[in-house]
Structure formats: C-alpha cells, structure tokens
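Single-structure report; data block below.
The values are calculated or read from the model by the stated rules, or taken from the named source; none is laboratory data. Predicted, not measured: the structure shown is a model, and the values here were computed from it. With ideal geometry, Cβ positions are generated from the backbone for all residues, glycine too; neighbour counts draw on all protein chains shown.
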Amino acid sequence: MVYGLWFSSSEGDLLKLGATGRKLTERHVFLFDGLIVLCKSNNRRSSVTGQVGEYRYKEKFLMRMVEILDREDTEEVRHSFEIRPRDQPNVVLLAKNTEDKNTWMAALVMLNTRSMLERTLDSILLDEEKQHPLRLPDPSVYQFAMEDSESNIIIEEKENSGTPLIKVRTRGFLVVVVVMQCSIVVIIIIFFTHFFHCVYTYLSLHGYITVS
C-alpha cells in the first residue's frame, strides 16, 4: 500500500517483473516528490529490538525523466504498470490488487504531471521577467526610487543579541515589491488551480478516482 499520496513521500511493496517476463522479485519502493527509489528488503533479527527492517538500494528514477504507463491485465501478469525512463531500461511493477495499483498510479501520475507543469511555470515566469524587467524612474522624478542608504533606512538596535531589523525604508521600494509579489501570487494560484483540475480530470477519466 502506498501512504501519504498527497504529501512529500510515500512507500510500499511492489513486485518487479524480470526482463524475460517470467521472474518476479520483491521491491520496497520509496516515492518522493521528484524521485522514485527501488530497494530490496533485507530484514534481520536483533536480540534487542527483534526484527529490523533494512533496505538495499537497487535503482532510482527521476520523475521528470520518466513516463508512467498503464498496462492491460493478461493471464500471466495482472495489476501492473510501467516506468519508462529516457536513458534506462523500462521497469514493470506489479501491485497486490486493482485498488493498490490505482493508488500507486494516481501518486505517480500526479508527481509526474506536477514536475512537468512546474518546469513550464518556471519558464513562463522567466520570460515574464525578461519581457517586463523592473525599471524605476530617475530619483529626480520619483524620490522613492533612490538607492537605499543611511539617510532613508533606519535600523533597529539589537535586542538580546538578536538580528537587527529594518524599521523604516523607502516606501516606493516596498510598493513595487508588494505589487510584484501580488502578481506572482496570482500567477501561481492560477497555475496550481489548472494543475489540480487537469490531474483530477485525468485520474477520473482513467478510473483512478471514483466520482460519487
């Protein structure tokens, strides 16, 4: 079972199908925001704590470098899906049942899609910054455009050996920063709203989420 579907990490047990399509090996899978790690369980017993779970690293895949593909059930292989990296051999993993497979697929598809959309957002913000760079008018026209200096910044005195804080500074700078931050927040809200809508629609259409 995969836990923490909407959080930063998940883990669970899956079976890995061998290259010949016959041999199955157990794998403990750790799924992070941008990485999936396959390990071999190596449990041992301790006289103090009893059974201790250890894992031997086998392989890893960057989520932004893979495709997640569903696989139809056959008589030999059921509840399987495929990880298709760009520069590594494909890996076929098998879940315990349909529900377990759907849970893994939902987590993988969401992380894979989010990685792609985050790169798209970074590109959009970079282009926006290049097309509309911050330009302040000449201080002779707008006095708050002058560079920060001792004459327009007041630093609070240290208290209890703490870090000194800026008490007052150029208002114009603050206004520009607030406007820029508001614009970025709006872009991010729109982006993630669209992202979650796309992911929810995809998962619903492919049966990973049941709409009641």
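Is it fair to say D122 is in contact (Cβ under 8 Å) with a residue 40 or more places away in the chain, of a type in the set (D, E, K, R) and surrounded by fewer than 18 Cβ atoms within 10 Å (Cβ to Cβ)?
Values: in contact (Cβ under 8 Å) with a residue 40 or more places away in the chain: no; of a type in the set (D, E, K, R): yes; surrounded by fewer than 18 Cβ atoms within 10 Å (Cβ to Cβ): yes.
For D122, the condition - in contact (Cβ under 8 Å) with a residue 40 or more places away in the chain, of a type in the set (D, E, K, R) and surrounded by fewer than 18 Cβ atoms within 10 Å (Cβ to Cβ) - is not met.
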- Task: Sort out which residues of region 26-54 are more than 21 Å from E118 (Cα to Cα), in a strand (DSSP E or B) and modelled with pLDDT under 90, and write them in order of number.
- Result: S41, R44, R45, S46, G50, Q51, V52
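Being in contact with a strand residue (DSSP E or B) (Cβ under 6 Å, 6 or more places away or on another chain) and under 30 Å from I189 (Cβ atoms) is the requirement here; does F81 meet it? Please lay out each step first, then the result.
Details: in contact with a strand residue (DSSP E or B) (Cβ under 6 Å, 6 or more places away or on another chain): yes; under 30 Å from I189 (Cβ atoms): no.
Here the answer is no, as F81 does not meet what is asked.
For region 62-108, which positions are of a type in the set (S, T, N, Q), touching a Lys or Arg at 6+ places or on another chain (Cβ under 8 Å) and either over 17 Å from R27 (Cα atoms) or not in a loop (DSSP other than H, G, I, E, B) (or both)? First the steps, then the outcome.
If we filter region 62-108 for residues that are of a type in the set (S, T, N, Q), which is where we start, we get 74, 80, 88, 90, 97-98, 102-103.
Applying the additional criterion that residues be touching a Lys or Arg at 6+ places or on another chain (Cβ under 8 Å) yields 80, 90.
Hit for region 62-108 is S80, nothing else.
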